[in-house]
Amino acid sequence: MPTGDQVLQESEPFPLSALQHAVYCLRQAALIHVERAWADNRFTAEGHVLHAVADKGGSRRARGVRRVLALPLASARLGVAGTADLVEFQPQPDGSEVPYPVEYKRGKPKLHRADEVQLCAQALCLEEMTGMAVPEGALFYGETRRRVVVPFDADLRRLTQETAAAFAEVFAAGTTPPPTARRERCRACSLKDLCRPEVVARPVIAWRARMVARLAAEEAAS
């Protein structure tokens with residue numbers, strides 16, 4: 001059986017942004033990136049507006065920091081490819097530059113780690129591409145108009161790598177997983193009407209009930 005790293009290396013690259021969806025819900029990620037289903041809601045529309053400037057690309061210097069918009073990224077190890085909204089290359093005393101990724105998000109900081117995983121994946125790409133360690137980056141939220149510094153510690157790196165490995169298997173197989181057990185996440189999902197989690201989950205619930213009943217009957221008969 002192939003390991004997670006082997007799956008990542010053997011399959012074609014999937015969009016880096018899929019990791020944000022995969023942390024939130026693997027089924028959502030598969031609907032978007034495998035089945036190519038998409039539905040805009042107010043939240044995604046606001047996100048498009050926020051990214052409009054960053055998507056134009058370009059490079060400039062500000063206070064000695066080189067700032068590159070819409071920088072293409074890729075990682076053979078993670079099996080992803082995508083674009084960073086903004087990467088600031090911060091000068092060091094030895095003349096080198098340390099990459100500092102900045103991702104633009106609508107709304108405000110969230111309780112889950114989807115945004116942080118997407119940003120960490122960008123850092124892992126930058127480390128692979130530049131050979132430089134990337135210790136932290138930032139998320140800029142449109143509602144608060146502030147940056148939130150994100151340290152790329154061991155736990156976040158591990159979560160990012162595990163999420164990449166999990167979605168790489170889904171992406172390579174071309175299959176869509178069942179709905180997440182975290183049903184509170186379905187309420188704000190732009191794909192809820194396409195996903196239909198209540199309907200899809202019924203066969204699974206019925207099968208589980210049948211299995212429990214059968215095991216109980218077998219135990220009673222023994």
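The values are calculated or read from the model by the stated rules, or taken from the named source; none is laboratory data. Just so it is clear, the model here is predicted, and its values are computed rather than measured. Here Cβ is always computed from backbone atoms with ideal geometry, including for glycine, and neighbour counts include all displayed protein chains. When the accessible area is computed, the model is the full protein with side chains, heavy atoms only, and any ligands, DNA or RNA have been set aside. Shrake-Rupley method; radii C 1.70, N 1.55, O 1.52, S 1.80 Å.
Treating r as the C-beta distance of VAL149 and THR175 and R0 as 35 Å, the FRET efficiency rounds to 0.40. Under a 5 Å amide H cut-off, with hydrogens placed 1.01 Å from N, PHE14 pairs with VAL80, ALA81 among residues at least 5 apart or on other chains.
For the range 60-195, with all protein chains present and a 1.4 Å probe, just round the carbon and sulfur fraction of the accessible area to a whole percent.
Values: 3560 of 6760 Å².
The value for the range 60-195 is 53 percent carbon and sulfur by accessible area.
Close amide H contacts of VAL98 (hydrogens built in the peptide plane, cut-off under 5 Å, sequence separation of 5 or more or a different chain): GLN90, GLN92.
Summarising the amide proton neighbourhood of GLY107: residues at separation of 5 or more, or on other chains, whose placed amide H is nearer than 5 Å comprise GLY142, GLU143. Between the range 67-88 and the range 135-193, how far is it from one alpha carbon centroid to the other, in angstrom? The range 67-88 and the range 135-193 have Cα centres spaced 16 Å from each other. Maximal additional length on extending the ALA37-ALA76 stretch stands at 11.4 nm, based on 0.36 nm per residue less the C-alpha distance. Applying 1/(1 + (r/R0)^6) with R0 = 41 Å to the Cβ-Cβ distance of ARG196 and GLU12, what FRET efficiency is obtained, to the nearest 0.05? Given R0 = 41 Å and the Cβ-Cβ separation, E is 0.90.
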